[in-house]
Each structure stands twice: as structure tokens, then as C-alpha cells.
Amino acid sequence: QVQLVESGGGLVQAGGSLRLSCAASGGTFSNYAMGWFRQAPGKEREFVSRFPRRGTPYYTDSVLGRFTISRDNAKNTVYLQMNSLKREDTAVYYCAADAVITGRPMDDTEYEYWGQGTQVTVSS
């Protein structure tokens, strides 16, 4: 069983930056593709970014050029660096681990393990 714990959320002014971290335990981290999702109030959870087991990361269009996903397999941690934050980035951010690749990387049902979420609030 894999446990994921996010940290790094908080309140930031528009234009500011935050870095989210997600620490994994209980599995072989390098075997998992890792993703970030977010859920704003009253909205469905949406894909933000994914770092595959191999290959290059990718992002949803709304964060492209502002957010950067990275992973440190030695530390069993995935990060999401968020720059130039906008009010519409306000959401609970979740990291997720994908152990069994079925070809739906931006679908939250693809991921088997989830963290508890961390709140990001961007004020104007």
C-alpha cells in the first residue's frame, strides 16, 4: 500500500509562487507515474500535470509555462512548482500515483493512490 502526503500549500497573492511536495512511502516510488490534480469549490477534480515513469512531463494547458513538475526518486518525492499564480488556481491540490498504466493519464480513475490534499488559495 502506498501512502502519499502533500505539503506546501497556503495563501499567496496573485503573481506569487508556491512549491508543493508529495512524499510517498510504502512502495517502489520509481515504478509509479506521478500526477497532480486539483479541485476548486463546486467543480470536478481536474488534471494538472503528470511525470511519467519514463519520458517527459506534461501539463494541462492552463498551467503550461507557469507550473513545473519534478520528481526525486531518491527522496520518494514529487514536486509541483507553481509560479505566476492566478486566482483561478485556487483549489485543493492532490498528488496521485499510477502503478498500473492503462493509457488514460489525465483521467483521475487512472491513479490508484491519492494523498489527502493541500489547499492553495490565491488572493487578488
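No value in this document is a laboratory result; all are computed from the given coordinates. Everything quoted here is computed from the prediction, not taken from an experiment. Virtual Cβ from ideal backbone geometry, glycine too; neighbours counted across all protein chains shown.
Label-to-label distance, THR68 versus ARG53, with points set 7 angstrom from Cα along the beta-carbon direction: 2.7 nm. Backbone N atoms of region 84-124 closer than 16 Å to the 7 Å Cα→Cβ label point of ALA14 belong to residues 84-91, 121-124.
Can you compute log10 of I(q)/I(0) for region 1-107 with the Debye formula, treating each Cα as one identical point scatterer, at q = 0.11, 0.16, 0.18, 0.24 Å⁻¹? For region 1-107 at q = 0.11, 0.16, 0.18, 0.24 Å⁻¹, log10 I(q)/I(0) is -0.32, -0.68, -0.86, -1.46. List the residues of region 50-75 whose backbone N lies under 15 Å from a point placed 7 Å from the Cα of ALA23 along the Cα-to-Cβ direction. Counting backbone N atoms under 15 Å from the label point, the list is 72-75.
With a cap of 13 neighbouring Cβ atoms within 10 Å, and only residues DSSP puts in a loop, list the chymotrypsin sites (Phe, Trp or Tyr not before Pro) found in region 81-124. Sparse-neighbourhood loop chymotrypsin sites (Phe, Trp or Tyr not before Pro): none present.
A DSSP coil position with no more than 15 other Cβ atoms inside 10 Å describes the following GluC sites (Glu not before Pro) in region 55-124: GLU112.
Roughly speaking, what is the stretch gain from ASP61 to ALA99, that is 0.36 nm per residue apart minus the C-alpha to C-alpha distance, in nm to one decimal?
Difference between extended and current length: 11.2 nm.
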